[in-house]
Structures are given as C-alpha cells and as structure tokens.
Amino acid sequence: MAEPSTAPPAGPRDDAALDDTAQRGELVIKERAVVKIAVAAALQVPGVVKQSGGLSRLTGRELPRADVSTGADAVAINLYIAVQWPCRLDLLNRRLRAQVHRQVEQMTGMPVIELNIVVVGTESAAPEDSGADSLYSEQGDPAVPPLPVAPIRPRTPRATPAAVPAAIIVAVAALGLAVVAARELLIMRGTFANAPWIRNTAQWLGRLHWSDWIVPVAVGAIVLGIVFIVAALKPRPRTHLPLAVGDTPIVWLRPTDLARNSSSHANTVPGVLSAHTTVDRKHVTVRVVRTESTPAADVAISVREAVEPTLSLLGTSPELRVQVKP
C-alpha cells in the first residue's frame with residue numbers, strides 16, 4: 001500500500017510572496033512596445049490617416065510613426081502623423097494628445113512627460129467626408145472642452161515710425177564710437193603710434209572756458225532732443241483703408257488701389273475721355289475729362305453712380321467729389 005504524501009496541500013500562494021520583487025522578477029517595457037501603443041492610439045483619432053507607399057515600407061518611414069525615449073518612470077514621445085485635409089489642427093492636436101496620453105499610461109503605467117506632434121503629410125478628404133458630419137466638429141465630444149472664441153483684434157496698417165531716422169543716426173553714432181574706442185585701445189597697447197582722439201578731446205574740454213558758441217549749441221541739443229522724443233511718441237498715421245468685412249476690419253486697401261479702382265469705374269462711363277482719382281483721409285476726388293457733346297451734369301451723376309458702390313465697401317465714409325472738365 002502506498003504511503004501517504006507528506007507534501008503540503010496545494011492552495012493559493014501567499015500574497016506576501018507575490019509582493020516581494022525578488023520573488024516575482026522585473027518588468028521591462030521595451031521602447032518598441034511603447035511605439036506600437038502610441039501609433040495604435042494615434043490611428044484611433046479621427047483625422048489621422050495611415051500613409052505608406054514606395055520605399056516607406058522598406059525604410060520604416062510610414063506614417064504614423066513614433067520615436068520613444070523611456071526613463072525610469074516616464075516616457076517622452078515624438079509622434080509623426082499624416083492628417084486628412086482640410087482639418088482643424090488645433091482640435092486634432094488636443095484629441096491626439098488626450099488619446100496617446102491615456103493609452104500609454106493605461107497600458108504601461110508610465111506617464112507621458114513630453115509629447116511632440118509633427119504633421120509630416122496630408123491626404124485629401126473624400127467628398128462624403130466634407131459634409132455637415134465632419135470629423136472635426138466639436139459637437140458631441142464630451143472629452144474635449146469647447147474652445148473659447150477669442151475676439152479678433154484688428155491690426156491697422158500704419159506708416160513707419162518717425163523715429164526711424166533718429167534711431168539710424170544714433171546707431172551709426174554708436175558704431176562710430178565703438179570704432180574710435182577700438183582705435184584708442186590699440187594705441188594704448190602700442191599696436192600703432194598715433195594721436196589718441198578721446199584723450200586729446202577730454203583734455204581740450206578740460207581746458208575749455210566759456211564761449212559764445214556754447215549757448216546756441218546747448219539750445220540746438222535741447223531742440224534736437226525734444227524732436228527725437230516727439231518723433232518717438234507721435235502716433236503713426238494710417239496707410240491703408242479698411243474694408244467693411246464683418247464687424248472687425250481685417251482686410252485693408254491701399255489708397256493707391258482705391259484710386260485706381262475708382263478711375264477704372266469712372267472710365268467706363270459714356271462721355272468720359274479720361275479719369276484721375278486722388279484719395280486722402282476724408283475725400284475721394286475724381287477728376288474726369290468729358291466729351292463736348294455730353295453735358296457735365298450728366299457725366300458727374302454717372303461717374304458718382306459708378307464709383308459709389310466701390311466706396312460703400314469701405315469701413316470709413318470718405319466724401320466723394322467729382323470734378324468734370326470739358
């Protein structure tokens with residue numbers, strides 16, 4: 001008869017033993033595993049497309065792809081993607097970051113401390129993808145908070161600041177002073193023998209006594225300083241005219257272009273031989289030369305009717321003046 005076994009009965013392992021790192025070994029996550037997780041997460045985001053063709057399969061340059069650097073307890077990822085165009089890149093960026101962060105952290109247990117996204121390629125969207133149910137609509141996506149609508153701040157085109165000539169003069173003077181200082185240094189070191197300018201000038205100023213020319217020079221320096229300050233603080237004039245596109249002017253037109261456009265419309269009026277337009281801040285003056293057989297009053301009315309639709313597009317309301325010459 002067989003003897004009874006003396007081995008301990010089989011049962012669940014001791015939980016304390018499982019908590020001992022020396023008993024269960026070490027978990028190592030290779031970077032290529034994180035690469036596959038990041039690529040798979042990127043492809044789950046609407047708008048990210050897979051591109052491969054030609055030599056890309058042989059060189060491993062197909063999109064999306066990722067370069068991963070893993071540390072002791074964190075991951076850094078450079079993600080290269082191709083997108084379906086047109087698309088909202090800002091919204092795609094937020095969705096892609098949320099998806100990659102979530103997938104990598106859930107599957108590896110390591111947080112993503114850095115995620116750089118590079119859009120390398122684009123792919124045209126199919127006609128059926130450009131309808132109302134666009135993949136980039138923010139509606140119905142609770143994971144992505146709505147984007148705040150920032151008001152547009154108009155940037156009015158303005159002339160070059162009047163202080164530019166003064167700044168150029170000061171810059172040239174500073175460069176000249178630097179050259180003189182370098183020359184003085186070389187003279188002090190004995191590189192070449194010449195008369196020092198700065199020392200001689202300082203000695204000359206030290207021996208200087210009151211003279212009548214000092215007063216006009218001082219007054220001129222004060223006036224020049226005031227002119228420079230005024231030039232620096234003076235508001236710059238506008239150089240363009242705003243077009244009435246929406247509530248905020250974002251499209252601007254040069255006065256020269258407006259003058260050419262007005263003259264072109266005036267030249268289409270019957271009885272006008274030539275037209276010339278000048279534009280200033282408050283007036284648009286159209287000077288036309290008419291034929292002798294056309295009444296001046298009729299020409300003026302027709303020219304005004306031809307030019308006013310163009311002026312109605314402006315955000316300002318300049319006065320239209322028509323001058324008719326025989």
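The values are calculated or read from the model by the stated rules, or taken from the named source; none is laboratory data. Note that the coordinates shown come from a computational prediction; the quantities given were computed from them, not determined experimentally. Neighbour counts are summed over all protein chains in view; Cβ atoms, including those assigned to glycine, are modelled from backbone coordinates with ideal geometry. Surface areas here come from the heavy atoms of the whole protein model, side chains and all, with no ligands, DNA or RNA. Shrake-Rupley method; radii C 1.70, N 1.55, O 1.52, S 1.80 Å.
Under a 1.4 Å probe, what is the accessible area of segment 29-122 per residue, stated in Å²? Mind dumping the intermediate values first?
Values: 5060 Å² over 94 residues.
I get 54 Å² per residue for this part.
Compute, for segment 171-326, the length of the dipole vector about the Cα centre, with Cβ point charges of +1 (Lys, Arg) and -1 (Asp, Glu) only. Units Debye, rounded to 20. Working shown, then result.
Values: 16 positive and 10 negative charges, 118 e Å.
Dipole magnitude for segment 171-326 comes out near 560 debye.
Heavy atoms of the protein only, probe of 1.4 Å, neighbouring chains included. What is the accessible area of residue 252 in Å², nearest 10?
50 Å²
To the nearest 10 Å², what's residue 298's accessible area with a 1.4 Å probe?
That residue has around 80 Å² of solvent-accessible surface.
Find how much the distance from residue 257 to residue 201 grows on full extension, using 0.36 nm per residue of separation minus their present alpha carbon separation; answer in nm with one decimal.
Working: separation 56, 0.36 × 56 = 20.16 nm, distance 5.51 nm.
So the extension gain works out to 14.6 nm.
Decide, for segment 161-231, between rounded, prolate and oblate: order the square roots of the alpha carbon gyration tensor eigenvalues as a ≥ b ≥ c, take rounded if a/c falls under 1.5, and otherwise choose prolate if a/b is larger than b/c, else oblate.
Numbers: a/c = 5.23, a/b = 1.38, b/c = 3.78.
Cα axes put segment 161-231 in the oblate bin.
Spelling out what I want: for every residue of segment 314-321, take phi, set θ = phi - 60°, compute 6.51 cos²θ - 1.76 cosθ + 1.60 (Karplus), and round to whole Hz; glycine and proline get x.
Each residue's phi maps through the Karplus curve to give 7, x, 9, 10, x, 7, 8, 10 Hz.
Can you tell me how segment 29-122 classifies by the Cα gyration tensor, rounded, prolate or oblate, using a/c under 1.5 as the rounded cut? Intermediate values should be presented prior to the final figure.
Working: a/c = 2.23, a/b = 1.30, b/c = 1.72.
The shape class here is oblate.
Give, in nm to one decimal, the length gained when the segment between residue 160 and residue 90 is fully stretched (0.36 nm per residue of separation minus the Cα-Cα distance). Mind showing how you got there, number by number?
Working: separation 70, 0.36 × 70 = 25.20 nm, distance 3.44 nm.
Here the answer is 21.8 nm.
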